[in-house]
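Chemist: Can you read through this structure? Questions will come right after.
The values are calculated or read from the model by the stated rules, or taken from the named source; none is laboratory data. Quick caveat, the model's predicted, so the values are computed rather than measured. Cβ placement follows ideal geometry from the backbone for every residue including glycine, while neighbour counts extend to all protein chains displayed. Ligands, DNA and RNA are stripped out before the accessible areas are found, and what is left, the full protein with its side chains, is counted by its heavy atoms. Shrake-Rupley method; radii C 1.70, N 1.55, O 1.52, S 1.80 Å.
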Amino acid sequence: VVEDLLIDKTILLPLPETATPGETITYRIAVTNEGPSLARGVWVVDALPEGVTFGLIVAGANEWSATTVGDDIRFDLAGDLPVGESRTVDFVVEISAAVEAEELVNTATVSSLWRADQDVSSVPIVSNAMASRVRPSSRSSGSSERAEPGEACSSTSGGGSGAAASGAGAAGAT
């Protein structure tokens, strides 16, 4: 048994990809089997950033089941994944009204019974949590820059980041 699973995670909503505390984000995870063997026991663990909670599957529920494992979501694919085919799952998460991060990074890892941690996909999203606190800054040249709604803000305080760790078995891998 040899397989090569690839994962791709994207944001479906909101567009532009800017999150507002108290609102939701809709993600899509696509898993593809590059072969050369049938993939059995495929699962994805999505490591949610602090202040983000799983809501529900909105597309793909007939092929995927979701279980929360701590702060993460584990999606299990029903059945096998043939060579050259993909399966997608769309789901909603809610951003806590208390989130103050400038950037939320959400990371998903795909695994199977054959091999854990085969591929990782991370999606950063700029948070509007800091936009209301950012003031125009004066520069020595006399110019000032201002972030418009939906634009990324720069700051010296740094943003959050997601990291993938490895593990296998029923608890999955992140």
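Chemist: Tell me the residue from 10, 32, 24 that is more than 12 Å from the chain's Cα centre (by Cα) and touching a residue at least 60 places away in the same chain (Cβ under 8 Å), please.
Modeler: Every option except 24 fails the conditions.
Chemist: Also, quick follow-up: Does region 78-86 contain any residue that is free of Cβ contacts under 8 Å to residues at least 24 places away in the same chain and more than 22 Å from residue 118 (Cβ to Cβ)?
Modeler: Checked against the condition, which is being free of Cβ contacts under 8 Å to residues at least 24 places away in the same chain and more than 22 Å from residue 118 (Cβ to Cβ), region 78-86 yields no hits at all.
Chemist: Okay, next question. Can you find, within region 102-122, the residue that is farthest from residue 28 (Cα to Cα) among those that are surrounded by 21 or more Cβ atoms within 10 Å (Cβ to Cβ) and hydrophobic (A, V, I, L, M, F, W, C)?
Modeler: Checked region 102-122; the qualifying residue farthest from residue 28 (Cα to Cα) is 104.
Chemist: Filter region 67-101 for residues that are in a strand (DSSP E or B) and open to solvent by less than 40 Å² (accessible area, probe 1.4 Å) and give the result.
Modeler: Those that are in a strand (DSSP E or B) and open to solvent by less than 40 Å² (accessible area, probe 1.4 Å): 72, 73, 74, 75, 77, 81, 89, 90, 91, 92, 93, 95.
Chemist: Same structure, new question: Can you name every residue in region 47-62 that is surrounded by fewer than 18 Cβ atoms within 10 Å (Cβ to Cβ) and not hydrophobic (A, V, I, L, M, F, W, C)?
Modeler: 50, 53, 55, 62
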